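Working notes, structure below.
The values are calculated or read from the model by the stated rules, or taken from the named source; none is laboratory data. What you are looking at is a predicted structure, and each value in this text was computed from that prediction instead of being measured. As a convention, Cβ positions derive from the backbone with ideal geometry for all residues, glycine included, and neighbour counts pool all protein chains shown. Side chains are part of the model used for accessible areas, which takes the heavy atoms of the whole protein and leaves out ligands, DNA and RNA. Shrake-Rupley method; radii C 1.70, N 1.55, O 1.52, S 1.80 Å.
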Amino acid sequence: MLRGSSQNPDTFFQMQEARNPYYDDCPDILQGEMDRFAEITGRQYKLYAYCGDPEAERIIITMGSSGETVHETVDYLNARGAKLGVLKVHLFRPFSLEHFIAALPATVKAVAVLDRTKEHGAVGEPLYLDVVPALVQAQAPGLRNGAAQPKVIGGRYGLSSKEFTPAMVKAAFDELDKENSKPHFTVGIIDDVTRLSLEVDSSFRVEGDHVKSAIFYGLGSDGMVGANKNSIKIISEVTGEYAQGYFVYDSKKAGSTTTSHLRFSPQPIQSVYLVDEADFVACQQWNFIGKVDVLERVKQGGTFLLNSPHGGAGTWDELPLSIQQEIIDKELKVYVIDAAKVAADAGMGRRINTVMQTCFFAIADVIPKDRAIAEIRAAIESSYGEKGRKIVEMNFAAVDAAVDHLEEMIVHDDASSDFDVEPPVPDHAPDFVKQVTGMMLAGKGDLLPVSALPVDGTWPVGTTKWEKRNLAPEIPTWIPDLCIQCNKCALVCPHAAIRVEAYDPAELEGAPDQFLSMPYKGKEFGEALYTVQVVPEDCTGCTLCAKVCPGIDKKNPERVSLMMEPHAEHVDSEKVSWDFFLDLPETDRTKMRPNVKMSQFGEPLIEFSGACSGCGETPYIKLITQLYGDRSLIANATGCSSIFGGNLPATPYTTNCEGRGPAWANSLFEDNAEFGLGFRLALDKHAETARRLVTQLADELEDGFAAEILDAPQTDEVEIFMQRTRVEGLRNMIKKIDSPAAREMEQFADYLVRKDVWIIGGDGWAYDIGSPGLDHVMASGANVNILVMDTEVYSNTGGQQSKATPLGATAKFVTGGKSVPKKDLGLIALSYGHVYVASVAFGASDSQLTRAIHEAVSYEGPSLIIANAPCIEHGYDLADSLSQMKLAVESGYWTLYRYDPRLVAKGKKPLQLDSKPQSIPLMDYFRHENRFTKLERSDAEHFHELVAAAEAEVKRKRTLFEALAVLDLPAEEMVGTITAETEAAE
Ligand code: SF4
Ligand code: SF4
Ligand code: SF4
Ligand code: MG
């Protein structure tokens, strides 16, 4: 048989109609299956389930989980005399008119149809667009038996998981009751532009007293979610009550907050929205105080548990004034525990979850304390029993100590602090940052009205600098005597949180006492001073700068030029130094050179991103922005780099002191390379227009100027600076010319300055989903630079295997170890001949990296850089990532090389191997990463088979690359290369 045939007009139409009976039969079949399901489970579903008053006059029709919230609200209001209903749509397609009408009470006079989507430009949203004609068709005899046609209005709610609460449901019912109801409305936002939103009485609640609720504010990955899931289990098993847990994660990689919302009740829990008024609130991190509004959702007279290092008597004085006042006003009972100390003393390091969980049970009054503690101990036994007695005993000790150290905080009669909660961003921040970014940073983005937001999705750049996250327990401190001014610290820093500057000694005037400097050792800047400066509130404490630092004290090798010291001891003075450093003049870009040292005097145009501490992707992007960011357009594939690169509230891409910086946009896995190619084609077209206009205006410009600006070389910073100056000159000249061409020139003049296109993303994009597009772009011959940050898994979604995952490694979907080698993207690319290809690893050779980037940019065709990128998904402390990159190269696993097509024409060998043959066994690299050793622990025999295969693969690849590296290729110019111009013309 055959399917998927190519059909022609003679039969296609009829074939579509031939299917009608199947669609017609579908609803009855599905209802039959739902009934069968009910017999087995006791849970009855209906295609269109009506709940509420059988004689309701006002109803809401909706799909999905909102149905439960509407149902809960309908029950509450009907119990107080209303006649309301909800129709929950469980079958959207094929829409069954017959079942729909059968479910609808004949008494209905007004209907609000809710849709959780927005169809720009449509008459209404999808469900609304079905309900309206369904009601019209229901006028046919025998369906609604002449019942009056109800009023129908349509509303949008809950886009992107925005909260949808009983108060919003009530607002929709109230709207239906009005004579002039809005035909289309939104609920849950404040629309001050088209004024479609409904007013919501936020004090309206339906939750009964039988529900007990709790909220926990914690850090992502602090174990809180696991502990809370465990608490839910304990409570529901002990009390037999219903329990609900919902966990809100933010999308930051490092230092993200997670909020747990828990409900317990003897009755089934229908509330599918966040807890709004909790009986119990816990704050697991002392430094959330003043940053996260942790008291916002605690009930009047509720209980608040705080992880505080200041004890029962000392904590009050450490709280900001308005928090003290809120505790008094809400009459809270406050308990404190120094969870960090209790956990550390019990030998559990920073894992405070057991301590906080025990405290919750000790004070929240959900089950008897002793019973709860017995259950926690049993859970510890079953979770950690396999890991040995020591770990179990440690956890037991933490439980006992938690009970002993839990104290009630003494609440004073009056708020007395002489300090208060600081605004989320300082007063000198730009207006948008204060009014919009600041609100979002404070967790109040829901309150922003429609008018505050950009209509086209364009956000201001450089806003991460206002978000002081203070994540680092320790930050680097600089010892100038030991510094050799290599600038490697700045190069490896994933967060651009350590900077270097060389400056005129006169600039030191007015420096704070603690500001450090030393004479600059190079000749580039004449007599100059030099400083290495940490950005204390944006450093994540990854330690890479200190690890890479070669400034070692010969007498005491423990001492290096960068020493990690406690954040708390240095943050205040380093803040003052950083502010002074920021005012130092930036290095003149014409002095920039594409090497390790000089590149770091360039301003990083991506800074303080939310990437994981120690992330191996960000240093590559940062370096590129330092060298070329002032003229780059970046097409960024979805993945980690698009999240840390463009995740709101705050954006890390920024501009330099001249206001120039990269233009950045994210596109999908499946089309990012083509998206970037589009940038190139548009730039080329605009440049072509600009050049045509210059030629057209040539006689009216200064003598010889047209030829000068058209023929100007733009290969380095000096030449680019000169061209920018010429463009300024051109702008001045055309101001005086009164012609359409001169006016048009004003729009296109900037395109006479060279611009670089960067197409960037991870291996999930380049090796897998975006692979055909990447291939297409390389084949186009277009002048683009492609950076693949190869983490060898889909890092952003939790480490699923990609075609870049190495042989022998485990990853999600390949837990038994990958049994085939990784795809060789470099080899595929260099088979074209006209593609510049480099394989790099900054921890193994930073100078090879800067050389590769420079060559890639200078090559007027497609360039591909494949960058080894250590990632938390590899399962080791990224503080060791530099040495891991070295081991990857020494073991032959990762070969450093550059393939430059230009060398062929010069009669030289185009492939240059930059790393030596394997000098250590592959296991010396593998043994430090859990992605490999995990398999060794579970199935050693299979693991060692895979390692042997991986060793063979290393040898095979090296042999192949060595053979390619000695090949002499014919020096004639390559034929058949499609240029961007010819492709655009086609
Ligand atoms: Fe940057 Fe890490 Fe050093 Fe902090 S510790 S300055 S984040 S390299
Ligand atoms: Fe100085 Fe060390 Fe930084 Fe090099 S890495 S510039 S020696 S502080
Ligand atoms: Fe974190 Fe890895 Fe993503 Fe970097 S690439 S942000 S280390 S998950
Ligand atoms: Mg990846």
Could you give every pair whose Cβ atoms fall below 6 Å, whose first residue belongs to segment 484-507 and is over 15 Å from CYS545 (Cβ atoms), and whose second residue is within 16 Å of ligand 1 (Cβ to nearest atom) and assigned to a strand (DSSP E or B), counting only separations of at least 6 or pairs across chains? GLU501/THR531
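For segment 635-649, give me each residue that is away from ligand 4 (no atom under 16 Å from the Cβ) and either in contact with a Lys or Arg (Cβ under 7 Å, 6 or more places away or on another chain) or open to solvent by 10 Å² or more (accessible area, probe 1.4 Å) (or both).
Going residue by residue through segment 635-649, those that are away from ligand 4 (no atom under 16 Å from the Cβ) are 635, 646-649.
Of everything in segment 635-649, those that are away from ligand 4 (no atom under 16 Å from the Cβ) and either in contact with a Lys or Arg (Cβ under 7 Å, 6 or more places away or on another chain) or open to solvent by 10 Å² or more (accessible area, probe 1.4 Å) (or both) turn out to be GLY646, ASN647, LEU648, PRO649.
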Residues in segment 562-575 that are at pLDDT 95 or above, among the aliphatic types (A, V, I, L, M) and either within 16 Å of ligand 2 (Cβ to nearest atom) or out of contact with any Asp or Glu (no Cβ under 9 Å at 6 or more places or on another chain) (or both): how many? 3
Is segment 509-525 home to any residue that is open to solvent by less than 20 Å² (accessible area, probe 1.4 Å), within 16 Å of ligand 1 (Cβ to nearest atom) and farther than 25 Å from ASP293 by Cα? no
Can you confirm whether segment 781-802 contains a residue that is among the aromatic types (Phe, Trp, Tyr), within 25 Å of the chain's Cα centre (by Cα) and not in a loop (DSSP other than H, G, I, E, B)? yes
ILE484 passes all but one of (1) open to solvent by 20 Å² or more (accessible area, probe 1.4 Å); (2) in contact with a Ser or Thr (Cβ under 9 Å, 6 or more places away or on another chain); (3) outside any helix (DSSP H, G or I); (4) within 16 Å of ligand 1 (Cβ to nearest atom); which number fails? (4)
Looking for something assigned to a loop (DSSP other than H, G, I, E, B) and closer than 20 Å to VAL200 by Cβ - is there at least one such residue anywhere in segment 37-44? no
Sort through THR259, THR186 and tell me the only one that's under 27 Å from ASN796 (Cα atoms) and open to solvent by less than 40 Å² (accessible area, probe 1.4 Å). THR259
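Which of the following residues is among the aliphatic types (A, V, I, L, M) and crowded, with 22+ Cβ neighbours inside 10 Å: ALA528, ALA497? Spell out how you get there, then give the answer.
Numbers: ALA528 fails: crowded, with 22+ Cβ neighbours inside 10 Å.
Sole residue among the options that is among the aliphatic types (A, V, I, L, M) and crowded, with 22+ Cβ neighbours inside 10 Å: ALA497.
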Can you confirm whether segment 368-390 contains a residue that is aromatic (Phe, Trp, Tyr), open to solvent by less than 40 Å² (accessible area, probe 1.4 Å) and part of a helix (DSSP H, G or I)? no
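Looking at VAL292, is it among the β-branched types (Val, Ile, Thr), in contact (Cβ under 8 Å) with a residue 24 or more places away in the chain, farther than 18 Å from ALA402 by Cβ and in contact with a Cys (Cβ under 9 Å, 6 or more places away or on another chain)?
Considered against the rule, which asks whether it is among the β-branched types (Val, Ile, Thr), in contact (Cβ under 8 Å) with a residue 24 or more places away in the chain, farther than 18 Å from ALA402 by Cβ and in contact with a Cys (Cβ under 9 Å, 6 or more places away or on another chain), VAL292 comes out as yes.
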Checked segment 69-91 for anything outside any helix (DSSP H, G or I) and open to solvent by less than 60 Å² (accessible area, probe 1.4 Å); matches are ALA82, LEU84, GLY85, VAL86, LEU87, LYS88, VAL89, LEU91
Any residue in segment 854-880 that's under 18 Å from GLY826 (Cβ atoms): show its pairings with residues that are part of a helix (DSSP H, G or I) and open to solvent by 30 Å² or more (accessible area, probe 1.4 Å) at Cβ separation under 7 Å, as long as the two are six or more apart or on different chains. TYR859/ARG902
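Just wondering, is there one or more residues in segment 584-602 that are away from ligand 3 (no atom under 16 Å from the Cβ), in a helix (DSSP H, G or I) and either of a type in the set (A, V, I, L, M, F, W, C) or touching a Pro at 6+ places or on another chain (Cβ under 9 Å) (or both)? If you could, list the steps in order and put the result at the bottom.
So in segment 584-602, the residues away from ligand 3 (no atom under 16 Å from the Cβ) come out as 584-602.
If we keep only those that are in a helix (DSSP H, G or I) as well, we get 589-591, 596-599.
Applying the additional criterion that residues be either of a type in the set (A, V, I, L, M, F, W, C) or touching a Pro at 6+ places or on another chain (Cβ under 9 Å) (or both) yields 596, 598.
Yes - at least one qualifying residue is present in segment 584-602.
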Segment 98-149: number of residues that are assigned to a loop (DSSP other than H, G, I, E, B) and either in contact (Cβ under 8 Å) with a residue 60 or more places away in the chain or within 18 Å of ALA172 (Cβ to Cβ) (or both): 9
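Scan ASP671, ASP684 and give me the residue that is out of contact with any Phe, Trp or Tyr (no Cβ under 8 Å at 6 or more places or on another chain) and under 29 Å from MET592 (Cα atoms). Outline the logic, then answer.
Numbers: ASP671 fails: under 29 Å from MET592 (Cα atoms).
The conditions single out ASP684.
Could we say that LYS908 is without any contact (Cβ under 8 Å) to a residue 24 or more places away in the chain and either open to solvent by 60 Å² or more (accessible area, probe 1.4 Å) or among the acidic types (Asp, Glu) (or both) here?
Working: without any contact (Cβ under 8 Å) to a residue 24 or more places away in the chain: yes; either open to solvent by 60 Å² or more (accessible area, probe 1.4 Å) or among the acidic types (Asp, Glu) (or both): yes.
Yes, satisfied.
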Kindly list the number of the only condition in (1) in contact (Cβ under 8 Å) with a residue 12 or more places away in the chain; (2) in a loop (DSSP other than H, G, I, E, B) that fails for ASN180. (1)
Cβ contacts < 9 Å: first residue open to solvent by less than 50 Å² (accessible area, probe 1.4 Å), restricted to segment 442-457; second residue of a type in the set (Phe, Trp, Tyr), any location; separation 6+ or different chain. Result? ALA452/PHE432
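Given the options ALA254, ALA227, name the one that is open to solvent by less than 30 Å² (accessible area, probe 1.4 Å), touching a strand residue (DSSP E or B) at 6+ places or on another chain (Cβ under 9 Å) and at pLDDT below 95. Steps first, please.
Values: ALA254 fails: touching a strand residue (DSSP E or B) at 6+ places or on another chain (Cβ under 9 Å).
The match here is ALA227.
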Would you confirm, using the coordinates I've provided, whether GLY438 is farther than 23 Å from ARG499 by Cα, open to solvent by less than 70 Å² (accessible area, probe 1.4 Å) and either within 19 Å of the chain's Cα centre (by Cα) or within 16 Å of ligand 2 (Cβ to nearest atom) (or both)? yes
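Out of all the residues in segment 675-715, which are of a type in the set (Asp, Glu) and open to solvent by less than 70 Å² (accessible area, probe 1.4 Å)? Even if it seems obvious, please write down each step before you answer.
Within segment 675-715, the subset of a type in the set (Asp, Glu) is 684, 688, 699-700, 702-703, 708, 711.
Selection gives ASP684 alone.
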Can you spot a residue in segment 217-229 that is of a type outside the set (A, V, I, L, M, F, W, C) and within 24 Å of GLY64 (Cα to Cα)? no
A careful count of residues in segment 398-416 that are out of contact with any strand residue (DSSP E or B) (no Cβ under 8 Å at 6 or more places or on another chain) and more than 18 Å from ALA346 (Cα to Cα) gives 6
Just need a number here: residues in segment 605-614 that are away from ligand 1 (no atom under 11 Å from the Cβ), over 13 Å from the mean Cα position of the chain (by Cα) and in a loop (DSSP other than H, G, I, E, B). 1
Matching residues in segment 753-770 (open to solvent by 10 Å² or more (accessible area, probe 1.4 Å) and more than 12 Å from MET789 (Cβ to Cβ)) number 5
As an exercise: evaluate ILE552 against (1) in contact (Cβ under 8 Å) with a residue 60 or more places away in the chain; (2) away from ligand 1 (no atom under 15 Å from the Cβ); (3) crowded, with 21+ Cβ neighbours inside 10 Å; (4) not acidic (Asp, Glu) and give the number of the one condition it does not meet. (3)
Pull up segment 950-986, narrow it to residues that are of a type outside the set (Asp, Glu) and within 36 Å of the chain's Cα centre (by Cα), then point me to the one that is modelled with the lowest pLDDT. ALA984
